[in-house]
Amino acid sequence: GLLMALDVPQERGLGHLDQRYLDGLEVCRFPLLPFLAPLPLDWMYLLYTIMFLGALGIMLGCCYRLSCVAFLCPYWYLLLLDKTSWNNHSYLYGLLGFQLALMGADRYGSVDGLFRPRKRNAHVPLWNYALLRAQVFIVYFIAGLKKLDADWVGGFSMGTLARHWLFAPFRLVLSEELTSRLVVHGGGLVLDLSAGFLLFFDATRPLALVFVTYFHCMNSQLFSIGMFSYTMLATNGLFCRPEWPRGLVARCPPRLQAWLPSTEPPQPSPDCHYGGRRARGGLRPRQHLAAAFTILYVLEQLFLPYSHFITQGYNNWTNGLYGYSWDMMVHSRFHQHVKITYRDGLTGEVGYLKPGAFTQSRRWRDHADMLKQYSACLSRLLPRYNISQPQIYFDVWVSINERFQQRLVDPRVDLVRAPWSPWTPTPWLLPLLVDLSPWRQRLQELEAQLDGHTDTVFIADFPGLHLENFVSEDLGNTSLRVLKGQVLVELVEQQQNHSLHEGQGMQLPAGQYHKVHTVSPEPSCYMYLYVNTTALELEQNLTRLQELRERVRNGTEQAPLPPELRPLLGEPLPAGAPLDPLVSLFLRREQRQQRKEREAGLAQRLRRFLRRKFFLFRR
């Protein structure tokens, strides 16, 4: 918001856009299948109620098969209804729900077992455990294989994560860079690759349970990923011996055991095949089918994360729809600038839309298929605001894994009429400039040289394109420097052009538009350096007031304070003297800080005390 946010005016006919959106009349959605649409609101409430009751029934083992269907059908309907909510976690829940619908998970401690003696305390077929264990193993192992990506191994995927307080113990002995490389990236890679194997074998399982539990507890604090960490903690029990819940119940007091599931040995089940003395003939067709399904399902889950050569239309800078590839946390993105331009097809009038109009999601910015759906939705809605035959253009600037900010799609292409197919590559998608990846180390060095008041943005652009920018008046000290290639800087108001080659730079006027044209045959790279002079001056003035008050209190300042500065010492303002706005801001900040400290609870005060002592000890 400091540099690359275009100041666009309110366009004609769009005055009631936000209100109509809030009323729910006009919303853009992103279903996987075009014929999927949400039900009326009351029916959606009913659908959520059915899904909740199904999940409750699965947990209690009550009307188990019916509960599985009641949960599974609404869940997958809602998942396919909105691609913006997709991730590896929601996809995993759907897979586990599908597997549970085929299994006998209501054999022990279930409500069904109270009324159906054949199910009560009965054996469960081994393929049930094999399928669930294989699914969890695939989640870990494929996630580890995906982390063999050069960005993850090089420490660029989660570059700032090492600053979190959870890694403070590691930073006592390692630098922040080494903590990121060795602990965050190296530790995550090793754990994902080895967790499934270590959990499978009895000898290594205790060690694996310690590390996996620590890993998921950390993730629950590091990321906002809902219940995924706790779900993966619960799956640890799948790798232990099947009788471990029975042993746990046996250790409870006798009075409590009367209310808990039985500790007696399980009874034989007709769903199982027993060898030796307990064998009852050969394998039945249902058991052959279960074995074949288990093998085919595992093979399909191993193939699907690498099937992106089939669904090429969903490939962007990363392959496939984010959700079924298990490439968790491998790619981090930072969006610097998103601009949506529309053009009236009849009058040629050009206007701009606020990014995210008619939708609450931001996932469309990273996926070509969602951009196509979004543009089609806008083309249907804008005619209601007197915009005929609208043409929609997107200009999305994004950095992935600490690379240069660059365009995702061609801003010259009208996406309403642009082709898109799920089976062929997207022609208007611009490639990721991987040849510039080695620059990342250099970019980090350049940022490290800046002082605390200077910020920078690194840009890479394609030949023949230009970036239109507006420098805010608050950014009184803004300059541009070319790192690679050749650019032409056009100062719009001054009607001047400046050609810059590699290593050259210039000062940019504040409060004006300018355009940076890439004129070299190869992509250009350049950087903005800017200082928020308004904020810097304010902080300097507040610091001077703080120092002045300290000098007055300790007696080093002998000169009397002017009347307008008397409130700094807690004295009332003299009658008729105006209150200085800077002094007012200083006092309000101080009051907020004091109020925050007074209202802090015991736990917050203890945490603040320990934090101060920790930093003192570390220093």
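The values are calculated or read from the model by the stated rules, or taken from the named source; none is laboratory data. Predicted, not measured: the structure shown is a model, and the values here were computed from it. Because the Cβ atoms are built from the backbone with ideal geometry, glycine has one as well, and the counts that use them run over all protein chains shown. Note: areas computed on protein heavy atoms with side chains; ligands, DNA, RNA excluded. Shrake-Rupley method; radii C 1.70, N 1.55, O 1.52, S 1.80 Å.
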Report, ordered by the first and then the second residue, all pairs with beta carbons closer than 9 Å, sequence separation of six or more or different chains, a first member in region 466-487 that is modelled with pLDDT under 90, and a second member that is polar (S, T, N, Q) and crowded, with 18+ Cβ neighbours inside 10 Å. Val471/Thr478; Ser472/Thr478; Ser472/Asn532; Asp474/Asn532; Leu475/Asn532; Gly476/Asn532; Asn477/Asn532
Checking Gln444 against (1) open to solvent by 30 Å² or more (accessible area, probe 1.4 Å); (2) in a loop (DSSP other than H, G, I, E, B); (3) of a type outside the set (D, E, K, R), which single condition isn't satisfied? (2)
Does any residue in region 84-99 that is within 28 Å of Lys372 (Cβ to Cβ) come within less than 7 Å, Cβ to Cβ, of a residue that is β-branched (Val, Ile, Thr) six or more places away or on a different chain, and which pairs are these? His89/Ile225; Leu92/Val139
Does at least one position in region 370-381 carry a residue that is more than 25 Å from His466 (Cα to Cα), at pLDDT below 95, open to solvent by less than 40 Å² (accessible area, probe 1.4 Å) and in contact with a Leu (Cβ under 6 Å, 6 or more places away or on another chain)? no
For region 85-156, list the helices (runs of 4 or more DSSP H) that sit wholly inside it and hold at least 2 residues that are in contact with a Lys or Arg (Cβ under 9 Å, 6 or more places away or on another chain) and closer than 24 Å to Asp366 by Cβ; which are they? 150-153
The number of residues in region 458-495 that are within 28 Å of the chain's Cα centre (by Cα) and either small (Gly, Ala, Ser) or open to solvent by less than 10 Å² (accessible area, probe 1.4 Å) (or both) is 5
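Here's the yes/no breakdown for (1) more than 18 Å from Met158 (Cα to Cα); (2) free of Cβ contacts under 8 Å to residues at least 24 places away in the same chain; (3) not assigned by the TED database to the domain that holds Lys147:
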site	(1), (2), (3)
Asp192	no, no, no
Leu199	yes, no, no
Leu207	yes, yes, no
Val210	yes, yes, no
Ser224	no, yes, no
Quick check: anything in region 177-200 closer than 30 Å to Phe614 by Cβ, among the charged types (D, E, K, R) and surrounded by 16 or more Cβ atoms within 10 Å (Cβ to Cβ)? yes
Would you pick out the residues in region 146-176 that are open to solvent by 60 Å² or more (accessible area, probe 1.4 Å), of a type in the set (A, V, I, L, M, F, W, C) and over 18 Å from Glu402 (Cβ atoms)? Leu148, Trp165, Phe170, Leu172, Val173
(1) in contact with a helix residue (DSSP H, G or I) (Cβ under 8 Å, 6 or more places away or on another chain); (2) over 21 Å from Tyr129 (Cα atoms); (3) open to solvent by 70 Å² or more (accessible area, probe 1.4 Å) all hold for His273 apart from (2)
Does Trp317 meet the test of being outside the structural domain of Gln406 (by the TED database), among the aromatic types (Phe, Trp, Tyr), more than 31 Å from the chain's Cα centre (by Cα) and not in a helix (DSSP H, G or I)? no
Of (1) closer than 30 Å to Lys372 by Cα; (2) open to solvent by less than 50 Å² (accessible area, probe 1.4 Å), Gln287 satisfies every one except (1)
Can you tell which of Leu260, Leu304, Leu248 is under 28 Å from Val210 (Cβ atoms) and open to solvent by less than 70 Å² (accessible area, probe 1.4 Å)? Leu260
Extreme residue, farthest from Val330 (Cα to Cα), among residues of region 415-436 that are surrounded by 17 or more Cβ atoms within 10 Å (Cβ to Cβ) and touching a residue at least 60 places away in the same chain (Cβ under 8 Å): Trp420
Quick count over region 331-369, residues being on the phi > 0 side of the Ramachandran plot and either touching a residue at least 40 places away in the same chain (Cβ under 8 Å) or open to solvent by less than 30 Å² (accessible area, probe 1.4 Å) (or both), is 2
Kindly establish whether Arg407 is of a type outside the set (Phe, Trp, Tyr), buried (at least 19 other Cβ atoms within 10 Å of the Cβ), in contact with a Phe, Trp or Tyr (Cβ under 7 Å, 6 or more places away or on another chain) and farther than 22 Å from Leu79 by Cα. yes
Give the residue that is nearest to Thr213 (Cα to Cα), with candidates limited to residues of region 133-174 that are at pLDDT 90 or above and hydroxyl-bearing (Ser, Thr, Tyr). Tyr140
Failed item, numbered, when Pro261 is tested on (1) farther than 30 Å from Trp428 by Cα; (2) part of a loop (DSSP other than H, G, I, E, B); (3) out of contact with any Gly (no Cβ under 6 Å at 6 or more places or on another chain); (4) not basic (Lys, Arg): (3)
How many residues does region 106-140 contain that are farther than 27 Å from Ser325 by Cα and crowded, with 18+ Cβ neighbours inside 10 Å? 13
